[in-house]
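The values are calculated or read from the model by the stated rules, or taken from the named source; none is laboratory data. Bear in mind that the values here come from a model prediction, so they are computed numbers and not experimental data. Neighbour counts are summed over all protein chains in view; Cβ atoms, including those assigned to glycine, are modelled from backbone coordinates with ideal geometry.
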Amino acid sequence: MWRETLLLTKRSLLVTLRNPFSFIPNLIISVFFLLVYTSGLSGISSLPQFGGVDYLNFILPVSIVSGAVGGAGGAGQALVKDIESGYFARLLLTPVSRTAIVLGPMLAGMLQLFVQTLLIFGMGFLLGLSIPAGISGFFLTIILALGFGLAFAGYSVGVALKTRNAQAAQAGTLLFFPLIFLSTTFVPKELIEAEWLKIAATVNPTTYIMEGMRAVLLRPTIDWSVYTQGVLVAAVLSIAMVVFAALNARGALKK
């Protein structure tokens, strides 16, 4: 099964590389977040609630999470194209593992996010990014990004298998963008005045992903309790979305 998963992951990556316009716009949007918000809002980092941290470090997770929504979400779009072209039906006629058929696009979406995250970090370093925790902060951020990327790729694949429609799959992906802004996107939770927005940020899983990244990016001493919360949320989301994709794959196979 793992060999078949590797082959299907490689195939999904090659399809993505042959159509760079499927991921370049999303990368541009992520870099746009980094440039615009750092330039326009960096002054608020002088407030006491920020504790003297660099606003570039604070806003970087927003670019990474938005990259996950767009980048890993491409896994579902690619699967819908396979369904519409008939490739998916032909693949079912082979003895390939049904689990590999689902995992292949998901892992490809996660790896695509990995590359995007490296490019976002590269842009951050060009803008003067400095990670107080050193190389450990960099790698811990990558791990959390990959966990969230796998979760969102699973969601994207599940929606694609459920709807078997490109427009519906894309609409399902866009539903996640409001979650980015109903979070501690621009300021710490202490600075959010609207009570309903504080509640939304508290129950929003992307809050814990971004706060987990900030726990290793903002200060020399890593806040392990906050980072662990982010890892646990990413793990729970990944497991739930893999199950979601597998259940919808079963329904697609019956059809």
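Just so you know, in the range 124-153 the residues that are farther than 20 Å from F58 by Cβ and in contact (Cβ under 8 Å) with a residue 60 or more places away in the chain include one that is surrounded by the fewest Cβ atoms within 10 Å (Cβ to Cβ), and it is G147.
Looking at the range 124-138 only, could you name the residues that are of a type in the set (S, T, Y) and either within 15 Å of L150 (Cα to Cα) or assigned to a helix (DSSP H, G or I) (or both)? Matches in the range 124-138: S136 only. If you check V236, V216, V242 for being over 25 Å from F50 (Cα atoms), modelled with pLDDT of 90 or more and in contact with a helix residue (DSSP H, G or I) (Cβ under 9 Å, 6 or more places away or on another chain), only one passes: V236. How about the range 227-251: which of its residues are more than 30 Å from L79 (Cβ to Cβ) and crowded, with 17+ Cβ neighbours inside 10 Å? Selection gives Y227, Q229. For the range 72-94, a tally of residues being touching a helix residue (DSSP H, G or I) at 6+ places or on another chain (Cβ under 9 Å) and exposed (fewer than 15 other Cβ atoms within 10 Å of the Cβ) returns 4.
Quick grid of which residues meet (1) farther than 30 Å from K162 by Cβ; (2) in contact with a helix residue (DSSP H, G or I) (Cβ under 9 Å, 6 or more places away or on another chain):
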{"position": "V102", "(1), (2)": "no, yes"}
{"position": "A108", "(1), (2)": "no, yes"}
{"position": "Q116", "(1), (2)": "no, yes"}
{"position": "F121", "(1), (2)": "yes, yes"}
{"position": "I131", "(1), (2)": "yes, yes"}
{"position": "I135", "(1), (2)": "yes, no"}
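Looking at the range 185-206, is at least one residue more than 16 Å from D54 (Cβ to Cβ), buried (at least 21 other Cβ atoms within 10 Å of the Cβ), of a type in the set (F, W, Y) and modelled with pLDDT of 80 or more? No: the range 185-206 contains no residue that is more than 16 Å from D54 (Cβ to Cβ), buried (at least 21 other Cβ atoms within 10 Å of the Cβ), of a type in the set (F, W, Y) and modelled with pLDDT of 80 or more. Within the range 209-221, can you find the residues that are farther than 14 Å from G149 by Cα and buried (at least 18 other Cβ atoms within 10 Å of the Cβ)? Result: E211, G212, R214, A215, V216, L217, L218. Among the residues that make up the range 116-123, is at least one of them part of a helix (DSSP H, G or I), within 12 Å of the chain's Cα centre (by Cα) and surrounded by 21 or more Cβ atoms within 10 Å (Cβ to Cβ)? Looking through the range 116-123, at least one residue is part of a helix (DSSP H, G or I), within 12 Å of the chain's Cα centre (by Cα) and surrounded by 21 or more Cβ atoms within 10 Å (Cβ to Cβ). For the range 199-224, name all the residues that are under 18 Å from P132 (Cβ atoms) and not hydrophobic (A, V, I, L, M, F, W, C). Result: E211, G212, R214, R219, P220, T221, D223. Within the range 201-234, being aliphatic (A, V, I, L, M) and within 21 Å of L175 (Cα to Cα) holds for A201, V203, I209, M210, V233, A234. Touching a residue at least 40 places away in the same chain (Cβ under 8 Å), assigned to a helix (DSSP H, G or I) and crowded, with 23+ Cβ neighbours inside 10 Å, is that true of A100? No. Candidates L218, L197: the one that is within 25 Å of Y37 (Cα to Cα) and in contact with a Leu (Cβ under 8 Å, 6 or more places away or on another chain) is L197.
Per the listing L56, L91, L7, L17, the residue uniquely modelled with pLDDT of 75 or more, of a type in the set (A, V, I, L, M, F, W, C) and within 22 Å of the chain's Cα centre (by Cα) is L56.
Among the residues of the range 65-74, are any within 17 Å of G149 (Cβ to Cβ), among the β-branched types (V, I, T) and at pLDDT below 80? Yes, that holds for at least one residue. Go through the residues of the range 49-63 one by one and say whether even a single one is in a helix (DSSP H, G or I), over 19 Å from P25 (Cα atoms), in contact with a Ser or Thr (Cβ under 9 Å, 6 or more places away or on another chain) and of a type in the set (V, I, T). Yes: one or more hits.
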